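Taken together, the values in this text are just the output of simple stated rules run on the coordinates, not laboratory data. Just so you know, these numbers come straight off a predicted model, no measurement behind them. Note: ideal-geometry Cβ built from the backbone for every residue, glycine included; neighbour counts use all protein chains shown.
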Amino acid sequence: MEKLLRNKAISGWLMAAPLTLVLAFFLVLPIVLIVVVSFWRATEFSIIPAFVWENYEFLFGSSVTYQVFLNTFKYAAITWALTLVIGFTVAYFLAFHVRTQTWQIALFLLCTIPFWTSNIIRMISWIPFLGRNGIANSTLISWGVIDEPLEWLLFSDFAVILAFVHLYTLFMVVPIFNTMMRIDKSLIEAARDAGASGVQILWNVIIPLTKPGIMIGTIFVVTLVMGDFITVRFMSGSQSANVGRLISNDIALLAYPSAAATAVVLLLTVLIVIGILLRFVDIRREL
C-alpha cells in the first residue's frame, strides 16, 4: 500500500513537471531577472551590475511617479465601472432573456467579432470617428446639436477610457456569463414564487451568485488597463501618461534599470489589488 501511494505521488510530480518547468522558465525566471536588473546602476553610456537603491529612491522621490500612478488608478477604476455595467447587462441578457442555447451561442459569438482584429486596429479606428472633422462631430453639427466641433472627443481622457472600454469589455462579459449560466434557474423561480420582485431577485439572488465571475472579470480588466501603455499614448495624443507609458519611455531611453524598478512596483501594486479582491470572494470554484 505504501509503495502504491509512493508511485502515485511520483507519477503526480512527473505529470506536473512539464507545466512547472514552462512556468518557471517563461514566468518566474523573467520576473527574477527584472527584479535583479532593477537594482543595477545606469549611466548615460552603460549599465553597471551593482546592488543599489537609486532607481527606487528616484522613483519614490519624484512627484511625477505619484501623479502617474494616480492617473493609472483613475483609468482602471473608471474602465472597471463601465465594463462592469456593460458586461453584466450583456451577460444577464444572454443568460436569462435568450431562451435557446443556439441563439445564446450566436449572440455571444457576435460579441466576439470585434476581437477578431488587432487591438491596435480597433483602437486606432476611433481616431477618424472622434476627430475634429470626424464622423461624430460632423453628425452633431449637421443635426444642429453643436455649433463647432468638440475638442475633448479625441486626444483626451474621454478617448482613452472609451478605447479601454471597447477593448476590454469582453473580458468582463465572458466570466460573468459563464457564472450566470451555472445558476440554478429553480432558485429564481423559487424567489419569484415567494413574491420577490425583479429587482429583489437581481440583488439578492443573481448578483451574490455572480460574484466569482465579477471578481475574475475585475482582475482581467484592472490588470490589463494598468499594464496598457499604447492606448494611452495614441488616444491621449501623448498628453497623458500611465505607469505602462512610464516604463515604455524608460525603455526607449535605454534606461533599463529604471524601467525594471517601475515594473517591479507596478507588479507589486497589481498583486496587492488582486489580493484584496480575492479576500471578498472565493474564485477557486470558477477556475
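How would the stretch 1-148 be classified by its alpha-carbon gyration tensor: rounded, prolate or oblate, with rounded meaning a/c under 1.5 and the a/b versus b/c comparison settling the rest? Cα axes put the stretch 1-148 in the oblate bin. Counted by neighbouring Cβ atoms within 10 Å, the residues L209, L162 run from fewest to most as L209, L162. Rounded to whole numbers, the Karplus 3J(HN,Hα) couplings from phi for the stretch 233-242 are 5, 6, 7, 9, x, 6, 9, 9, 8, 10 Hz, using 6.51 cos²θ - 1.76 cosθ + 1.60 with θ = phi - 60°, and x at Gly and Pro.
Quick check on the chain: helices-only [θ] at 222 nm, where DSSP H runs of length 4 and up contribute -39,500 (n - 2.57) each and the sum goes over total residues. Nearest 500, please.
Working: 16 runs with 196 residues, N = 287.
Estimated from H runs of four or more residues: -21500 deg cm²/dmol.
Taking max minus min of the alpha-carbon positions on each principal axis, the stretch 63-286 gives extents of 63, 50, 29 Å, largest first. Solvent-free Debye calculation, one equal scatterer per alpha-carbon of the stretch 154-219: log10 I(q)/I(0) at 0.26 Å⁻¹ equals -1.02.
Please identify the longest segment of the chain free of exposed chymotrypsin sites (Phe, Trp or Tyr not before Pro), where exposed means a DSSP state other than H, G, I, E or B and no more than 13 other Cβ atoms within 10 Å. If you can, show how the numbers build up before the last one.
Working: sites that count: F45, F51, W53, W143, F280.
Formally, the longest exposed-site-free interval is 144-279.
The residues packed around L246, meaning those with a beta-carbon under 14 Å from its beta-carbon, carry a net charge of 0 if Lys and Arg are +1 and Asp and Glu are -1. The phi-based Karplus calculation (6.51 cos²θ - 1.76 cosθ + 1.60; θ = phi - 60°) puts the 3J(HN,Hα) values of the stretch 140-156 at 5, 5, 5, 7, x, 6, 10, 9, 9, x, 7, 6, 7, 5, 10, 6, 8 Hz, whole numbers, x for Gly and Pro. Backbone geometry of the stretch 91-98 corresponds, through the Karplus equation with coefficients 6.51, -1.76 and 1.60 at θ = phi - 60°, to 3J(HN,Hα) couplings of 5, 5, 4, 5, 7, 10, 10, 8 Hz, x marking Gly and Pro. Loop exposure criterion: trypsin sites (Lys or Arg not before Pro), DSSP state outside H, G, I, E and B, at most 16 other Cβ atoms within 10 Å. Applied to the chain, the longest stretch between such sites is 1-98. From largest to smallest, the equivalent ellipsoid semi-axes obtained for the stretch 209-287 from the alpha-carbon gyration tensor read 30, 15, 8 Å.
Would you mind calculating the relative contact order of the stretch 63-286 from Cα pairs under 8 angstrom and at least 6 residues apart, reporting the percent as a whole number? Provide the component values of the computation, followed by the final result.
Working: 232 pairs, mean separation 59.6, N = 224.
In percent, rounded to a whole number, it is 27.
Remark on R41: its backbone amide H falls under 5 Å from those of I48, A50, a criterion applied only to residues 5 or more positions apart or on other chains, H modelled at 1.01 Å from N.
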